[in-house]
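Derivation of every value follows stated rules applied to the coordinates shown; laboratory data play no part. None of the values given here were measured: they were computed from a predicted structure. FYI the Cβ positions are ideal-geometry reconstructions off the backbone, even for glycines, and counts take in every protein chain you see.
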Amino acid sequence: MTRVSDSAVDYSRRHLRFGWWSLLCFLTLGFGLELLHGFKVGFYLDVSNETRRLMWTLAHAHGALLGLVHILYALCLRLFPGVAAGSQGPISSSLIGASLLLPGGFFLGGVGFYSGDPGLGILTVPVGATLLVIAVFLIARASAALDGDPGESGQHPGGGKAR
């Protein structure tokens, strides 16, 4: 394997692991929210706790979707090992940062809130959103350099040259 494809495999493994574990965490959070709703827990359902309900629902949705983004990015790295060869580090860091700060900020914003306004944890959401935009831009820019399918570009999913 080449150095680029070794790096792509390492990043692919990292994002597969991170994606599946974050998907598990945020789907479990969603299950917990359904339990709170199903058992009509006032801590979650009372009108005075509407902000908490909204923030935690947003944390669940954003976290689960970002978990799927990690899995898709990992699969893209396996299919096109040379994609974003020089940008894999910044893409990886930005995606992981976004996956921690975006849903984490929503969740913390719902833990403590003031007169219907989210708590201070919400301040991490714009930072996470910015990191997500950076990662998606870098991935989109790298994917624009691809020439068709892996067979046409001389690559195959295993990482070497097609025979």
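Each of the peptides 7-16, 112-121 was scored by the mean count of other Cβ atoms within 10 Å over its residues; in descending order, highest first, they stand as 7-16, 112-121. Counted residue by residue at 0.36 nm each, then reduced by the alpha carbon distance between them, the extension gain from L35 to S87 reaches 14.6 nm. A simple spin-label model places pseudo-atoms 7 Å from Cα toward Cβ; at L123 and S48 they are separated by 2.6 nm. The distance between label points at A61 and T28 comes to 2.3 nm (points 7 Å beyond Cα on the Cα→Cβ vector).
Computed on the range 3-143, with alpha-carbon pairs under 8 angstrom and 6+ residues apart, the relative contact order is 29 percent. In summary, the helical segments of the chain meeting the span-like criteria, namely a full DSSP H run, a Cα extent along the axis of 30 angstrom or more and a mean Kyte-Doolittle hydropathy of at least 1.0, are 88-111. Here is the size of the chain from its Cα atoms: Rg then Dmax, 19.1, 65 Å. Only helices enter this figure: runs of n ≥ 4 DSSP H residues, each worth -39500 (n - 2.57), summed and divided by the residues of the chain, yield -24500 deg cm²/dmol at 222 nm to the nearest 500.
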